[in-house]
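For reference, the structure discussed in these notes is given below.
The values are calculated or read from the model by the stated rules, or taken from the named source; none is laboratory data. A quick note: this is a predicted structure, and the numbers were derived from the prediction, not measured. With ideal geometry, Cβ positions are generated from the backbone for all residues, glycine too; neighbour counts draw on all protein chains shown.
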Amino acid sequence: MPTSIDDFIRQRLPLISRRISKHQNWAENVSVSHATIIRPEHSDDIVNTIKYAERDPTQRLSISTFGSLWSYTDCAIDHTHHLHIDTSGLNQVLAMSDLNALGLLQYKSHIKSTIENGNPINANKLVYVEAGIKIHELNCALDANGLALHTLGGSAGQSVGGFINTASHGAEQELPAFADAVRAIHLMSYGGETWWIEPSTSPITEVSSWNNHNLNIIYDDDLFYAALVSFGCSGIVYAYVVETVDEFRLQSETTEEDWSQMAVEINTLSRAIAPADRYLEVIITHDDKCRVIRRNKTLNSPTIDYQDRNNTTVDNSDPQPLIDKLNRCWGFSFLGWRIGRNEIDKQIKDTINQTRPIGTFRHKSWIINTYQPDCPIAPKAHSRAEKKVRSYELIVNSLFAVEIINELRRILKSHREGNRAIIVSINLRITGSSSALLAPQKNRKTAHLEIYLIDGALGNSRYIAEMNHLISLFNQRSFGDNLGNIKIRPHWGQLHDPSIYNFSELYPELPKWRLSIERLKKGRQLTTFETKFANDRNLL
């Protein structure tokens, strides 16, 4: 390994960096031209890359980090940055229950869970894992050791670092986002300094356990919960210690129900102490019917698998001709038959049937949640049709979920009566709250409303404008102090217009977050990890 920054620049940097003409996210809606990409393979590469970027005080280079580029926003790709760190080479499970490689002698003798009601846990449930590992890779590694993640989204291709840094979530009604399973952050930050950060209220190690003196070891709630969700502004996360749970199986039941009945159930759930189901997802379209998915733990019942789960064939036929056709014929009718509307209604129904088929399914938790193929098969790539999807996610107090959904449906209904094509579906999921300072899940029961549109449909811009107006009006309402901060927040990784949000009002703990980022600089006047994404939202 290089012993100095000069050796690194001369010997190692040419091997791990490349310059490409264009770099873009999976949805191909955000790109960077002439990007210099560095793909580190161990922690020293990260430290030396930071030192390389900061070596010239008159011309410091900025750094952004990306994993699977799953986000729709520019939080992962910053066209103002000079260097882009590709974490795909940092994809190892470094240790399970043993951190001797770090110079750590042992965990504390008594550790309490942060995701299982504070119950005591043993060190065997703590996994030290590099931030670039993909969710599907981690699922397989954990499964081989009788462990699992406590929650998952509907996909398995994201990198762990990206999933955590944007506070991505599952749909477990009483459980927090995946970020809240993190128990320690191994971070490379300003000045090339290396940090080991744990929360002071629930540490897993003790200062006396360490014999590695090259780390800034700190136990601090504010710093930990700031770095946890910071979309790259705190530095480059090399690895995490993640709390896992014993492997478990889920039974998933998908039914078609009336939206009017589900609206009553959701309103009841928002006030309930304990929900009837572990997991709840509702898919709502223009229709009065909706697709409802309920999942609960099950014992060793016979497996009922998804059809063609291991088929990774991707349909790459071009969807643009169909979108163009819908735009042309949307407003026309023949004997009461709305040509474009009926066609797209069929397309939406077929898509929902493929992704959330009606029936009962039982399998390992990570298979039920993500449709992941058997190990070690990687999930299939995104199709050309999927790349046309545009996703907006509103995060609201579940008390107001039905009200917001009904308004979004009213807007959709008015647009469907016009002559501009509009293709919309809404997914509702409910989760617990998160401790991260900038996690959008800030209510005991948080509703996630993910609005899907198809890029190129002529009605999109009007629908988005009316949706943004709805958000602005809601966030101006006063509800008194008894409900707390219930304003609508956007998901950091989903599309949103930052100009319609006052992030200082959305996040009262934002000053703590800013101070924590400054602490990592140790008084140095550096901007290495400052991003356009954060500046556009007045976060820094």
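Side notes on the structure shown:
- Selected residue (criterion: surrounded by the fewest Cβ atoms within 10 Å (Cβ to Cβ)) from residues of segment 433-457 that are touching a strand residue (DSSP E or B) at 6+ places or on another chain (Cβ under 7 Å) and assigned to a loop (DSSP other than H, G, I, E, B): Asp455
- Of all residues in segment 253-294 being touching an Asp or Glu at 6+ places or on another chain (Cβ under 7 Å) and assigned to a strand (DSSP E or B), the one that is nearest to Leu138 (Cα to Cα): Tyr279
- Qualifying residue in segment 143-154 (condition: charged (D, E, K, R), modelled with pLDDT of 95 or more and outside the structural domain of Arg390 (by TED's automatic domain parsing)): yes
- Scope segment 167-185; condition closer than 11 Å to Thr114 by Cα and assigned to a loop (DSSP other than H, G, I, E, B); matching residues: Leu175, Pro176
- Selection within segment 393-415: residues that are within 17 Å of Ala263 (Cα to Cα) and basic (Lys, Arg). The member of this set that is surrounded by the most Cβ atoms within 10 Å (Cβ to Cβ) is Arg409.
- Residue within segment 402-419 that is over 22 Å from Asn25 (Cβ atoms) and in contact with a Pro (Cβ under 8 Å, 6 or more places away or on another chain) present: no
- Residue within segment 334-357 that is part of a loop (DSSP other than H, G, I, E, B), at pLDDT below 80, surrounded by fewer than 19 Cβ atoms within 10 Å (Cβ to Cβ) and in the same structural domain as Ile283 (by TED's automatic domain parsing) present: yes
- Only one entry of Asn117, Asn91 meets the criterion of being under 24 Å from Asn165 (Cα atoms), touching a helix residue (DSSP H, G or I) at 6+ places or on another chain (Cβ under 7 Å) and polar (S, T, N, Q), and that entry is Asn91.
- Matching residues, segment 221-258, being charged (D, E, K, R) and touching a residue at least 40 places away in the same chain (Cβ under 8 Å): Asp222, Glu243, Asp246, Glu247, Arg249, Glu253, Glu256
- Spans of strands (runs of 3 or more DSSP E) in segment 186-252 with at least 2 residues of a type in the set (Phe, Trp, Tyr) and out of contact with any Lys or Arg (no Cβ under 6 Å at 6 or more places or on another chain): 194-198, 236-243
- Against the test of being of a type outside the set (A, V, I, L, M), within 26 Å of Ile377 (Cβ to Cβ) and buried (at least 18 other Cβ atoms within 10 Å of the Cβ), the options Thr244, Thr285, Thr312, Thr303 yield a single qualifying residue, Thr244.
- Ser499, sole failed condition from (1) part of a helix (DSSP H, G or I); (2) under 22 Å from the mean Cα position of the chain (by Cα); (3) closer than 15 Å to Asn397 by Cβ: (3)
- Of all residues making up segment 138-172, the number that are of a type in the set (D, E, K, R) and on the phi > 0 side of the Ramachandran plot: 0
- Among the residues listed as Arg537, Arg514, the single one being crowded, with 20+ Cβ neighbours inside 10 Å, modelled with pLDDT of 95 or more and not assigned by TED's automatic domain parsing to the domain that holds Ile266: Arg537
- So Lys325, is it in the same structural domain as Thr446 (by TED's automatic domain parsing), in contact with a strand residue (DSSP E or B) (Cβ under 8 Å, 6 or more places away or on another chain), surrounded by 13 or more Cβ atoms within 10 Å (Cβ to Cβ) and more than 30 Å from Ile404 (Cβ to Cβ): no
- Scanning segment 421-432 for residues that are of a type in the set (A, V, I, L, M) and either surrounded by fewer than 23 Cβ atoms within 10 Å (Cβ to Cβ) or part of a loop (DSSP other than H, G, I, E, B) (or both) turns up Ala421, Ile422, Ile423, Ile426.
- Listed by first and then second residue, the pairs with beta-carbon distance under 7 Å, at least 6 apart or on different chains, first residue in segment 493-505 and assigned by TED's automatic domain parsing to the domain that holds Glu393 and surrounded by 14 or more Cβ atoms within 10 Å (Cβ to Cβ), second charged (D, E, K, R) and part of a helix (DSSP H, G or I), are Pro498/Asp536.
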